Each structure stands twice: as structure tokens, then as C-alpha cells.
Amino acid sequence: MDEEDGQEDDDDDELFLKLPRDSEEEECQLPITLNRDSALEDERLPLTLPKSCESSLEVFLSSDQVALNSVLTNILSKFSELDADGSGAITMDELASHWLAAATEVCKRPLSDSEKELIGGSVQRAFDVMDVEQDGKINKHEWLHTALLDMHPPGPVATEIITQKLRDSDTPDIVSTLVYTWLSADEMVCGIVTRQMLSINPCGDAELLDVMNSTGSDSITYAEFVANVLRLTFRPVELYYYDLSKSFASVLSPILLGQYEDGIWHTSVGVFGQELYFFGYILTCYPGQSAFGQPRKSVQLGYTLRTVEELNAEIKRVYFDYRPDLYDAFDHNCNDLSNHMVQFLLGRSIPDSVRLMSERLKSSSLVKVLRPLLN
């Protein structure tokens with residue numbers, strides 16, 4: 001198929017952002033052509049959940065099978081410990097009291113007001129995530145749901161998206177049903193299920209096998225299972241490293257800069273099969289096809305549940321914050337854009353070795369002299 005025909009077939013799968021420039025009244029097309037997330041259109045999803053309800057989970061949790069599992073026993077014991085009044089739910093006051101008591105025990109002294117305020121903020125954020133049903137308390141299945149997610153954490157952004165999707169769902173008792181379905185297969189309560197585990201477990205639910213078949217994976221975490229049911233797709237996020245010194249930094253940096261640097265890094269973000277980077281403006285290309293050539297190395301930072309549409313909206317929002325007249329080789333550069341986009345996609349920063357490189361270099365007398373030329 002020639003390039004022209006391929007372009008014609010792909011027109012429906014491409015998003016084109018258009019923004020008015022400050023100096024022009026008419027709109028001009030930005031160089032953003034990220035593909036839509038076609039998996040969201042997959043008619044096989046969402047999976048049909050088993051017709052069970054909260055009572056099914058309660059029966060399961062009271063069975064002999066659970067009593068023999070130390071991990072699940074510990075999770076439930078901690079729930080009972082925090083449920084001070086025995087109501088079957090944890091309030092924010094109960095969670096705060098437990099955290100304050102634990103912090104006091106660790107510090108072996110009374111906490112200051114600022115420390116109490118800091119812990120109070122952490123309690124509020126944690127409670128908001130765990131209280132999926134937003135009824136002002138954490139019930140047992142919400143507690144188990146949180147514990148299973150934390151065994152293989154999907155990251156703060158993905159957790160937030162999963163929580164919001166669960167809140168928006170019309171499926172009755174969806175959290176209870178998801179936990180029950182998972183625990184029926186995850187006998188070891190390790191937060192991950194493999195094909196082999198399902199093959200030897202007669203209680204293993206076919207729903208989990210369906211998810212693995214749809215993703216082509218031999219294993220699945222609880223977060224991946226929940227995301228798949230909610231018609232969400234995890235996409236890998238990578239950081240590409242380009243050494244602007246062409247490997248000379250590793251040899252000459254101690255002499256010229258007074259400190260060792262493995263490379264003078266330009267970075268970009270790989271996501272949705274494209275590479276996103278700052279080069280005068282925010283640009284995209286297929287991985288390894290930018291003006292910087294092939295990356296020296298790449299690091300997978302995690303998996304995002306953001307969609308292409310959401311990423312395009314964020315690019316549109318910050319587009320004019322990244323332009324030639326605002327570029328600074330040390331204070332507003334390609335690594336700052338990479339860090340911003342990774343924060344948006346994953347809720348974490350890029351590695352400090354890159355993120356803090358500018359601060360390290362600025363302390364060099366040579367860089368102080370050359371800085372005006374670099375900009």
C-alpha cells in the first residue's frame with residue numbers, strides 16, 4: 001500500500017488539534033496527529049460481570065478458604081482494628097485516629113500541630129480514594145479493593161481514573177462484585193493471576209481468562225482486570241534519552257564541568273505509538289524519527305489510563321507555554337516538557353538524574369559563561 005492510500009485509510013483515526021496563534025486571527029493546524037485509542041471502540045468490552053452481589057462476597061469472606069489465607073486474614077484484621085465501633089465501616093475520624101496514633105508511636109513523642117495538619121491532609125486524600133461510593137465511610141469491599149490495587153499499584157493518575165469510573169458506573173455493587181470475582185481466582189491474594197493459576201484452580205473465574213485472552217497476556221493484575229471491565233486501556237509510557245554531547249560528557253564532564261555526567265540529556269516521551277518532544281514548539285513524530293535521530297536509551301516509566309483525547313487536550317492547554325521565545329536551556333527546556341507530560345500521564349516525575357540535571361550543571365563555572373550562548 002503506498003503512503004497516499006495509507007493516509008486515506010487512517011484519516012478517521014487521527015486527531016488534529018487547531019489553535020489560534022496570538023498573532024493571527026485565523027486558526028492554524030498544530031503538528032499533532034495522535035491516533036485515537038481504538039481499543040475503546042472494541043465491542044467485546046466491557047466484560048459481562050457475574051451475577052453476584054454484596055452477599056456473595058460476604059459468604060466468600062466467611063468461608064474456610066479465607067480463614068486459611070494469611071494475607072487476606074491480615075487485611076481483614078486491619079479493617080476490624082480500624083473499625084473501632086464495630087459498625088462494619090471505617091469513618092474518616094477512625095482512620096485519622098489510627099494514623100495519628102501510629103505516627104506518635106513511631107516518633108516516640110507528641111506530634112506538633114504542623115505534623116498533625118500534614119497527617120490530616122494525607123488522611124483526607126487517602127479516604128477520598130478509598131471511599132468509592134462517596135457515602136462518608138469505607139466498607140469492607142472498598143477496603144479490599146484498595147488493598148488489591150496497592151499490591152501492584154497502577155499509579156496515582158490511573159487510580160484516580162479507575163475510582164471515578166467506578167463512581168460513574170450504573171452496575172449495582174460493582175466494587176463488591178469485582179473483588180469477589182478476583183478473590184475467587186487469586187487464591188494466594190497476591191494481586192496478580194496467571195494462566196497457570198487459573199488452570200489448576202477449579203474456582204478460577206472465566207472472566208479473568210477472557211481478559212487475558214483479549215490482551216494477549218499470560219498474567220493480569222487486579223488493576224488491569226478492573227480497568228478492562230471499565231473499558232479502560234493501559235498504555236505504556238516511555239522516556240527516550242538523547243545525548244547531546246554524543247558520548248563526550250561521560251569522558252570530559254569531570255574536567256569541563258567539575259562533576260561526572262553520563263550524558264547531556266535531551267528527553268522526549270513515548271506514548272500511544274508516538275514521540276512527544278519540545279523543539280521550538282511541542283512536536284510529535286514516530287519514535288526515533290525526530291531530528292535527534294535514534295535515542296541512546298529508553299526507560300519505561302509506567303502505564304497510563306489517559307486517552308489520546310485527554311492528552312491532546314492537555315497539549316492544547318499548554319501549547320503556547322512551550323515556544324521559542326520562552327525556551328531556556330536550563331530553566332525551561334525539553335526535559336521540563338517531558339516531566340510535565342509524565343506527571344499528566346502517570347502522576348510521577350521523570351528520573352531525578354534528568355529532572356535535576358540543569359540544577360547540577362548551573363553550578364559549573366563553564367556553564368555560567370556559556371549559558372547566554374546556549375539560549
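The values are calculated or read from the model by the stated rules, or taken from the named source; none is laboratory data. Computed from a predicted structure; not experimentally measured. Neighbour counts are summed over all protein chains in view; Cβ atoms, including those assigned to glycine, are modelled from backbone coordinates with ideal geometry.
The helices (runs of 4 or more DSSP H) found entirely in the stretch 314-375 that carry 3 or more residues being surrounded by 17 or more Cβ atoms within 10 Å (Cβ to Cβ) and modelled with pLDDT under 80 are 357-362. Remark: Asp128 falls outside the filter, which requires a residue to be exposed (fewer than 15 other Cβ atoms within 10 Å of the Cβ), over 25 Å from the mean Cα position of the chain (by Cα), charged (D, E, K, R) and within 24 Å of Glu81 (Cβ to Cβ).
Yes/no matrix, rows are residues, columns are (1) outside any loop (DSSP other than H, G, I, E, B); (2) touching a strand residue (DSSP E or B) at 6+ places or on another chain (Cβ under 7 Å); (3) more than 19 Å from Glu133 (Cβ to Cβ); (4) not assigned by TED's automatic domain parsing to the domain that holds Ser122:
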{"residue": "Asn74", "(1), (2), (3), (4)": "yes, no, yes, no"}
{"residue": "Ser77", "(1), (2), (3), (4)": "yes, no, yes, no"}
{"residue": "Glu81", "(1), (2), (3), (4)": "yes, no, yes, no"}
{"residue": "Ala84", "(1), (2), (3), (4)": "no, no, yes, no"}
{"residue": "Asp93", "(1), (2), (3), (4)": "yes, no, no, no"}
{"residue": "Ala96", "(1), (2), (3), (4)": "yes, no, yes, no"}
{"residue": "Glu105", "(1), (2), (3), (4)": "yes, no, yes, no"}
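Any chance you could count how many residues in the stretch 141-180 are part of a loop (DSSP other than H, G, I, E, B) and touching a helix residue (DSSP H, G or I) at 6+ places or on another chain (Cβ under 8 Å)? Total meeting the criteria: 6.
A residue that is assigned by TED's automatic domain parsing to the domain that holds Gly88, hydroxyl-bearing (Ser, Thr, Tyr) and within 19 Å of Val211 (Cα to Cα) cannot be found anywhere in the stretch 144-152.
I'd like to know if the stretch 240-249 contains one or more residues that are modelled with pLDDT under 90 and either assigned to a helix (DSSP H, G or I) or within 19 Å of the chain's Cα centre (by Cα) (or both). Yes, because at least one residue in the stretch 240-249 is modelled with pLDDT under 90 and either assigned to a helix (DSSP H, G or I) or within 19 Å of the chain's Cα centre (by Cα) (or both). Scanning the stretch 309-350 for residues being small (Gly, Ala, Ser), in contact with a helix residue (DSSP H, G or I) (Cβ under 8 Å, 6 or more places away or on another chain) and without any contact (Cβ under 8 Å) to a residue 24 or more places away in the chain gives a total of 1.
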